[in-house]
Structures are given as structure tokens and as C-alpha cells.
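Asks: Have a look at this one before I ask anything.
Just so it is clear, none of the values below were taken in a lab; they were calculated from the coordinates. Because the structure is a prediction, the values reported are computed rather than measured. Every residue, glycine as well, gets a Cβ built from its backbone with ideal geometry; the counts of neighbours run over all protein chains shown.
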Amino acid sequence: MDILKIRDAKDVEQAVQAAIAAEQPLEIVGHGTKRAVGQPTATNAVLDLSALNGVTSYEPNELILTVEAGAPMADIKSLIDSKNQEFDFEPMDTSALLGTASLSGTIGGTIAAGLAGPRRIKSGGARDHLLGVAAVSGFGESFKAGGRVVKNVTGYDLCKLIAGSWGTLAVMTEVTLKVMPKAEHEVTLVLHGLDDVAANRAMSAALGSSFDVSGAAHLPQSAFRGAIGALASLGSQGSVTLLRLEGIGASVTHRANSLTAALASFGKADRCEDTASQAVWVAIRDVTPFAASGPLGAWPVWRIVCPPASGGAFGRELARETGGDVIYDWGGGLIWAALPPSADAHAGHLRAKLAAIEGHATLIRGSDPLRRAIDVFHPHSDGVAALNRRVKSSFDPRDILNRGRMTLVPPI
Amino acid sequence: MSIMMPVPDQAILDRRSSIVAALRAIVPGEGVIDSAAEMQPYESDGLTAYRQPPMVVVLPDTTEQVSRVLRYCHDNGIKVVPRGAGTSLSGGALPLADGVLLGMGKFKRIRDIDYENRTVVTEPGVTNLAISQAVAHEGFYYAPDPSSQIACTIGGNIGENSGGVHCLKYGMTTNNVLGCEIVLISGEILRVGSKAPEQAGYDLMGIITGSEGLLGVVTEVTVRILKKPETARALMIGFPQVEASGECVARVIGAGIIPGGMEIMDKPAIHAAEAFVHAGYPLDVEALLIVELDGPAVEVDELILRVEKIARDCGATTLQISNSEQERLLFWAGRKAAFPAVGRISPDYLCMDGTIPRGKLPQALARIRELSEKYGLGVANVFHAGDGNLHPLILYDANKPGEMDKAEAFGADILRACVEFGGVLTGEHGVGVEKRDLMPEMFSDIDLAQQMRLKCAFDPQGLLNPGKVFPTLHRCAELGRVHVHGGKLAFPDLPRF
Ligand SMILES: Cc1cc2nc3c(=O)[nH]c(=O)nc-3n(C[C@H](O)[C@H](O)[C@H](O)COP(=O)(O)OP(=O)(O)OC[C@H]3O[C@@H](n4cnc5c(N)ncnc54)[C@H](O)[C@@H]3O)c2cc1C
Ligand SMILES: Cc1cc2nc3c(=O)[nH]c(=O)nc-3n(C[C@H](O)[C@H](O)[C@H](O)COP(=O)(O)OP(=O)(O)OC[C@H]3O[C@@H](n4cnc5c(N)ncnc54)[C@H](O)[C@@H]3O)c2cc1C
């Protein structure tokens, strides 16, 4: 295994050019915390970006941050935290789920994975907060896209494509992100004992209200098998449905009262606030009920995205049919499913069912042999798959970058 | 016309009558227009300084027809320019002499309203405002609100990634669309995204949005809708210097307040607007800042106090707070009508659209004033101040020889200044033909090559809307060539572990 430790952006260009010349695919790695996601890549050359870790500029009053792509998430979070700001897309920390070291991960890996947290329903995902990028394409050329301002339609919005592309299009060397002020206050309403379908209805009602709900999750009773951390306190009465309200004090109180009244037919809502509430949402964001160290640690985990109002019925049936466990975020639009091990981790069954509701599923945790055997990323229709291959080629015609990471059959 | 368009292909023009006949076989009846008189309304879009009659106008009304028209054009090497309502301010829908103008105006049906999923599925010719109106009785709306929303279509909004005064808080088009049906130039019909909050795989929707009709023709759109905030109130704040209004904006954002909208108008814009709509704007101030706060009443009341305090600290000399919905709308009336209002005080105007970092507002304004003197042309400024998006309106008279060229040179200098201040050429109106030749101010040849390669993935022959966005056209084969550097030496002088 050849690990190339990059010192600066110029090195990235040089390494990719050399890889093109040598017909040697590269695996792109920040801290490598998510190397176990995606199809196993077919290469023994690793491009390690962790030394590209500087902060280029941070202007809290502009709500703009520019950093090198290998900058550690931990450092960046404490930097923006010091100005009481955060990433509005609430990116997840995958370490509990994947069983990797905590306190690791780079901003480049976070953007490339594009795994947004609970606030996505209100504030969007990584793609909505990446304003600009400097990167090296599979042509071995340094290019930039986007800018350093929030509003920009100059040229194609390549940032959208690069966010969530798992390093298959270009190696990011620098990223500019939007940051947002943290909310002054947060309250979570907790409804007890709803089944998945009723909970889905409650969440839809809350998200269809004017109360600016910034988190809507449902944990069936089974999620508390492990009774892990912050969630333990919630589970004593069975399933819980959680609705988060954030903002200035008086507003949050008003909205919490109004929403409680509006949802009265679903039962009486308890509340948890501020640090307790934050801890609960971190646990949901990071999917701790399915933690690698927990009772379901050996089960494959799927990340299913579907129209929110279809989530409850879909998840309940999936759990019943497979004997698996599910938890819901995004008002039902995101289902995390831990399914009992089987030859294909139920991929065929799951995806056939999803076709009916126009949803899609990505395997986030699975063994190497499993990930070699099935499509980790959701397969597309022929037309879209062909277009995606052309898009990949337009950035990386020799398939140098993360070859085979997103597709079961290498495209070229 | 000072911008060169691709030279018309005489061989295509020679075949015009057979092309028209072939198109009539696909879109029957009135859907194909080829008389000069009837094509006239399609000669230009909102950038009226540029006019060009198309070879033929086609108005399909089914996806199947769009697909067949595009396949025919693809197979016959004919250029196609998609058009919504033709309100683009950058010439995105400017026809080509040897091209088909594909008008999407007949795609006027809203196909599905789903309050449970908070989505609307609509055809692309539906106007922006009509989407909000269709869901208003349930208290919902579609957030991006370009000032042209009565006329512009959702398809055109996708083309330009349009914004509006509320996009500071609620995002641009790209942040509010979930999926679409798109027809490629080959005629292939693809579905991208769905009612799900996120797409699978590459974010194709993100790249289609803002692609100015160069990647495909959108035939259906899925947007997300929001419940209207409980209340909205606005402050109208006057400042004796424009700089102070800019400072106030920076401090509001710095204090962690993200208003629903935050707009500045300078003195010429205030006067033009007041004369037009009589909104009660103060006429003795240099800048007027309108800040709208929305949410529950308790929140709005609290934030109004905070903004008021910041404004007074920044030296505001007048300050009014709306006490009724009627009054709020009146505050906005002048701002929303700023373009037509300026149209009344000057025979012609050019609307620019650069974005700068918010903090650079005072410098940018000073530069615009200098340039105004240099060129001897007046300028009225309106800004989406919250996100640093400037709309200087350059006043000129096209009937005076040389003035239009002067106005364009002035505009180009403003946009260069935006880039110099760390900003960009366009915040919401798109590149089109207007800013096409300025692209190298912001992007290197390599940056542009990478964008054009993406275009090749959708349209390898370059038949969709050529002459827009990119200053020079390259063949896809040339763009796709990989330059192999330095023989087969693997990874020279990099540290290994
Ligand atoms: C205190 C703390 C809090 C954290 N909180 C969060 C959080 O809120 N949100 C969050 O997302 N993460 C958080 N993390 C880290 C998170 O769990 C992931 O580990 C991290 O985001 C992934 O980074 P990585 O460098 O390990 O990715 P890797 O596994 O190295 O890479 C992931 C993918 O991205 C690609 N990639 C990596 N770098 C680049 C690049 N420069 N250009 C192109 N592609 C690239 C890889 O090829 C791979 O496909 C946190 C970590 C700490 C320490
Ligand atoms: C008075 C006035 C005020 C304005 N205010 C604003 C504002 O506040 N904010 C703002 O952002 N813009 C504003 N605009 C600009 C303009 O209204 C927007 O760009 C709008 O989105 C254009 O929509 P349209 O339907 O008119 O599209 P067109 O002008 O017809 O087309 C715009 C572009 O989209 C492409 N296109 C259109 N339909 C499709 C389709 N179905 N498939 C693929 N491509 C397509 C075209 O090829 C073209 O490149 C304003 C314009 C005017 C005249």
C-alpha cells in the first residue's frame, strides 16, 4: 500500500498527474473514517490529505469560512463554536455508527460524504452550504468553482455536484462554507407511545405548521434495546416522537406551546430543553441506537431516503418483514434501518419496495464481502446511470479518483 | 449589439422550409410559428437591448413533443434555445437566427399538490406566483420570490437559479427544488430526484438548476412549499449616508439575526420609486433600508427592537415600523417596483447583478459613484443587501449614439469591481449573453474548461443554447483530451508512509 502524504495543493495536482501517467487509480482519504463506506475501491495507492489542514479565512460577520480540505472537523467546530456559530446542515459524526475513532474526520470527507443531520429538513444539506471549492480534477488540473459569497449563479454550480460525490469527481483542496449563528434556545417536544404511522402523521402536521420545526424524529421502542447514552432517559414509556424548536427564547416558548396544542390529539407532549435536547439530537444525528458497539453492531445499516409522508408505513413494514429495526428522522424522509445479516442485506427486497414510493437506499455499514456483492449506492435508471457515467468522465476520464467507489461495476 | 453570437449556419437556413414542415409534423397547428410578424414577441427577453428573430418558434405542449423536437434537432444539427416567459435579464432566452426557439409557455398545469409531503409537482410554464397562489388557501407558499414573479415561469427560475427578496432566509431556487423531468438534446427523457428530501448519487438537480437552458429542457418540476410565517413586519429605516446603511446590515447579520428580507435603495432609486408608487418613502435620506422580520409575533416584536437599536446606533435618521399588513406591503411596494420606476425616469436602463461580500458594500458604492462620474451616466442602486447582491441600474438613452456602449462598459467595470472585492459577476440573473465575455474575469481557462466538459456530458454537439454563458466554444473532443505529464514516473518526491 502506497500512502502519499500531500503537503500542499500543488502536490495534489502533481500526484494526480503522476497517477494518470502511471495508470494508477488513487483512493482519496481525509482521515479515512469512512473508508468502510461505499464499494471497496480497487487500488493500493492512497492520497492522504490530512496535512492540508489550514484555515484560510474566517469572517464571522460575513458568516463565511474558507479552510483547506484536510482540516479536522474537531478543530473547525471549535473555531466556529468560539464565535457561537455552527454548520446549519448539522453534519453527522459517523464514528459511533462505523466504530471508528471518535474525534477524527476532515471537512473534505464531511463534504464529500454529504451526510446531513436532522436540521436538513429546514436548512438543507452539505450541498446547500458549500459556496466554493478549489479542487484537482482527474485531468490533473486545479480548478475552482463557486465563490466566497452566499449568492452566486456565475457558471454551473459545480459545488452541488462535488458535495456528496464521495471523492469520485475531484480532490478538494479548499472549501468555502456558509456558517450560521447558533440558536439562542432550543426545546424538544416529546410525544410518547405512537406507532410509526401515527408518529409520521404527527411529524407531518408539525412540519406543515408555521412553527418552524428544525428536527422531527421518531424512535420506536426497539431503538432503546441498547438504551444508549442521551436517549436512555427518553425511552422508559416506549416509543418517542421528537420535535425540535430553535430560536430566541420567547419565540421558542410560544411555538412549543402552540405546537403542543396543535398536536393534542397525539397525546400530551413532554419537553426537554437546551443541553438535554442537544444531546438527544446528537444521538439521533449519529444513529447511536445502531452503534457499532451496541447490540445491533453486527447488523448492516441502510440509510433510506423517501418522501417523508411515506416513511412511517414503509419503515414499519420493512422492520416486520425483515425482523430489523428502524429509526426515523426528517419527519419520515430519512429512515435508518439495521437489518439482520443476510446474503444481500435485504438489498433486493428493500429496493424493490422503495421503487413504489420513489425512495432510495445506501448501505452505510456492511462488511467488505457484502459491499463487494451488492450495490452500496442506489442503482439508477439506465438513462440516469449513463448520464452519471458521462458526468464522472467529464471530471475524471481515466477513472483515477476513487475508482469503483460509487458503482458496483467499474464504468470504464 | 456588441456581443458576437455564433455565426448562423447557412446550410441550416437554406433548409428552413423543410425544417418547419418537419416540426409541424411533430407539433401540429398553432404550435409552430414561422411568420416574421408572429415571431416578433420572441425576438428578445428582458435584456431588450439584444434582439434576434429566431428561425422558427415551436410551442410544444407535451413532454413527448419536446422529446421528438429535440431528437429531430439533434439528428439534424439544429440549435435550440429554450424559453419560459422571456423575462431573463441576461439574454438567456435570446434567440439564434439559425435556431429553434422552444417556448415552454403551454406547460401550464400544476400536476400535484401534496401538503403531507409539502411539495408541488408542476409543469415548467407555470408562473412562480401561480404556485404560491395554488397553495395559499392552505396557508402555504413557494419561498423564492423574484420581483418578476407574476410573469416568470418556474422553468425559467430553474434555468437562472433565481432568487428574490426572501432568499436571504429561505434560499434560492436551488435550495427549494427537489426533482424534475428533463429532456436531453438527444430526446432522452430522464427523471431526477422525487418528493424525497435528497437525491440518490450525484446531485444532478443541483447542476441543472442555474444551467441557463444549456443542459436540457425541463418539462416537470417538483418544488418544496412552506407554511407561511405567522406574521411578518417590516422596518423602513433612513440613513444620511449609504455607508451607514451598509454598516447596519453587517451588524444585524453579525448579531445572528437572519431577516426574511433586507434591502437597500439609494437616493435616486428612492426618488424614482416614491414618484411611481407613493409609498411614503423619506426623500431627504441617502439610503433607505427595509428589513422584514417574520415568524411568531413575539419573535418579530423582539427582533424589531433589536434591529431598531442597531439602526439607531448606526445613525439612522428616520425609522418606521409597519403596524399592519397593508403598511408592510406599502413599504415593499416601492422596492418591488424599483425597476419599472427607474424605467420612468430614464429612456433605458441596464440592470446589473454582481454580488460582493456584505462588508465591502461601502467600497463598492464609492466605486460605482466614481464610475458614474467617469462615464457621465446616472445610476440608481437597489441591493439585496443581506446577501451582498447589488442591482445598480445604469441610466442611458439608446437613441443617443454611443450611450449604450458606454452603459455596457460602465456595467462591465462594476462587475469587474465586484470580482476585485471578492465577489462574483452575477448573484441571480445569470450569465447569459450579457456577462458571457466577462467570465474570464472570474474563471481561468481551466475553470471554464471544466464547466464546458460537464456541458459535453449532456450535450456533446453543443446544440442547446450555444453562445450563452461561455465566451469561447470548444469542441468536446478537444476538451476531453487528457494531457499525460512527465512519462511514467510514479509520484516523484512525495513523502510516503
Ligand atoms: C468532535 C467531532 C465532531 C464531529 N462532528 C462531525 C459533524 O458534525 N459532522 C461531520 O460530518 N463529521 C463530524 N465529524 C467527523 C465525521 O464523523 C467524519 O469522520 C468525517 O466527516 C469524515 O472525514 P474523513 O476525513 O474521515 O473522511 P474519509 O473517510 O477520509 O473520506 C470520506 C469520503 O470523502 C472523500 N474525501 C475525503 N477528503 C476528500 C477531499 N479532500 N476531496 C475529495 N474527496 C474527499 C473520500 O474519498 C471518501 O469517499 C466529527 C468529528 C469530530 C472529531
Ligand atoms: C422586472 C424584472 C424583475 C426581475 N426580478 C428578478 C428578481 O428579483 N430575482 C431574480 O432572480 N430574477 C429577476 N428577474 C429576472 C427573471 O425574471 C428571472 O431570471 C426568471 O427566472 C426568468 O424566468 P422566465 O420564465 O422569464 O425565463 P426565460 O427568460 O424565458 O429563460 C431564462 C433562462 O432559462 C432557460 N429556460 C427557460 N425555461 C426552461 C425550461 N423549461 N427548461 C430549460 N431551460 C429553460 C432559458 O433558456 C434561459 O436561459 C427579473 C426580471 C424582470 C424583467
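Asks: Find the centroid of the Cα atoms in the range B:205-225 and in the range B:254-322, then give the distance between the two in whole Å.
Replies: 34
Asks: Hey, another quick one. Pick out, in residue order, every one of the GluC sites (Glu not before Pro) in the range A:1-82 that is DSSP loop and has at most 14 other C-beta atoms within 10 Å; say none if there are none.
Replies: Filter output for the range A:1-82: A:E23.
Asks: Between B:K106 and B:D397, what FRET efficiency follows from the Cβ-Cβ distance if R0 is 25 Å, with the result rounded to 0.05?
Replies: Calculated value: 0.10.
Asks: Measure up B:K169/B:K468; A:K392/B:K406; B:K169/B:K309 against 32 Å on the Cα-Cα distance and list the ones that go over.
Replies: The pairs that break the limit, which is 32 Å between Cα atoms, are A:K392/B:K406.
Asks: Count the net charge of all other residues whose Cβ sits under 12 Å from the Cβ of B:E123, scoring Lys and Arg as +1 and Asp and Glu as -1.
Replies: Charge balance in the 12 Å sphere: 0.
Asks: Same structure, new question: Expressed as a rounded percentage, what relative contact order does chain B have, with Cα pairs under 8 Å and six or more residues apart?
Replies: Relative CO of chain B lands at 14 percent.
Asks: Moving on. Tell me, what is the percent relative contact order of the range B:28-109, built from C-alpha pairs under 8 Å that lie six or more residues apart?
Replies: 38
Asks: As an exercise, use a Förster radius of 22 Å and the Cβ-Cβ distance of A:R320 and A:A355 to find the FRET efficiency, rounded to the nearest 0.05.
Replies: The formula returns an efficiency of 0.70 here.
Asks: Between B:I258 and B:D284, with labels modelled 7 Å along Cα→Cβ, what's the label distance in nm to one decimal, could you check?
Replies: 3.9
Asks: Sum -39500 (n - 2.57) across every DSSP H segment of at least 4 residues in chain B, then divide by the residue count to get the 222 nm mean residue ellipticity, nearest 500.
Replies: -10000 deg cm²/dmol
Asks: Ordered by packing density, taken as the mean number of other Cβ atoms within 10 Å over each peptide's residues, highest first, how do A:73-86, B:238-251 rank?
Replies: The densest-packed peptide leads the list: B:238-251, A:73-86.
Asks: Explain nothing, just the number: relative contact order of chain A, from Cα pairs under 8 Å at least 6 residues apart, as a whole percent.
Replies: The normalised contact order for chain A reaches 19 percent.
Asks: Just to be sure I understand the model, the point goes 7 Å from the Cα along the line to the Cβ. What's the resulting A:D75 to B:N76 distance in nm?
Replies: The answer from the label model is 6.1 nm.
Asks: Further question: Taking square-rooted eigenvalues a ≥ b ≥ c of the alpha carbon gyration tensor, is the range A:239-286 rounded, prolate or oblate, where a/c under 1.5 means rounded and, failing that, a/b exceeding b/c means prolate?
Replies: oblate
Asks: Then there's this: Nearest 10 degrees is fine. How inclined is helix B:361-375 to the longest principal axis of chain B, computing both from alpha carbons?
Replies: 70
Asks: Can you tell me the order of B:271-284, A:257-270 when each peptide is scored by its average per-residue count of other Cβ atoms within 10 angstrom, highest first?
Replies: Ranking, from highest mean packing down: B:271-284, A:257-270.
Asks: Moving to a separate point now. Using 22 Å as the Cα-Cα cut-off, could you pick out the over-long pairs in A:K122/A:K182; A:K83/B:K227; A:K151/B:K336?
Replies: Beyond 22 Å: A:K83/B:K227.
Asks: Right, another one. State whether the range A:48-181 is rounded, prolate or oblate according to the following rule on the C-alpha gyration tensor (a ≥ b ≥ c being the square roots of its eigenvalues): a/c under 1.5 gives rounded; otherwise a/b larger than b/c gives prolate, and the remaining case gives oblate.
Replies: Because its axes are fairly even, with a/c under 1.5, the range A:48-181 counts as rounded.
Asks: Then there's this: Determine the distance separating the Cα centre of the range A:66-101 from the Cα centre of the range B:416-446; give it in Å without decimals.
Replies: About 32 Å separates the Cα centre of the range A:66-101 from the one of the range B:416-446.
Asks: Still on this structure, please answer the following. Sorting check: for A:137-149, B:87-99, B:371-383, which peptide has the highest mean count of neighbouring beta carbons within 10 Å, and how do the rest follow?
Replies: My ranking of the peptides, most packed first, is B:87-99, A:137-149, B:371-383.
Asks: Could you work out [θ]222 nm for chain A from helices alone, using -39500 (n - 2.57) per DSSP H run of at least four and dividing by all its residues? Round to the nearest 500 deg cm²/dmol.
Replies: For chain A, the value works out to -8500 deg cm²/dmol.
Asks: Less than 19 Å from a label point 7 Å out along the Cα-to-Cβ axis of A:S265: which backbone N atoms in the range B:100-122 qualify, by residue?
Replies: Counting backbone N atoms under 19 Å from the label point, the list is B:114-118.
Asks: Set the Förster radius R0 to 22 Å, insert the Cβ-Cβ distance between B:Q326 and B:A297 as r into 1/(1 + (r/R0)^6), and round the FRET efficiency to 0.05.
Replies: 0.85
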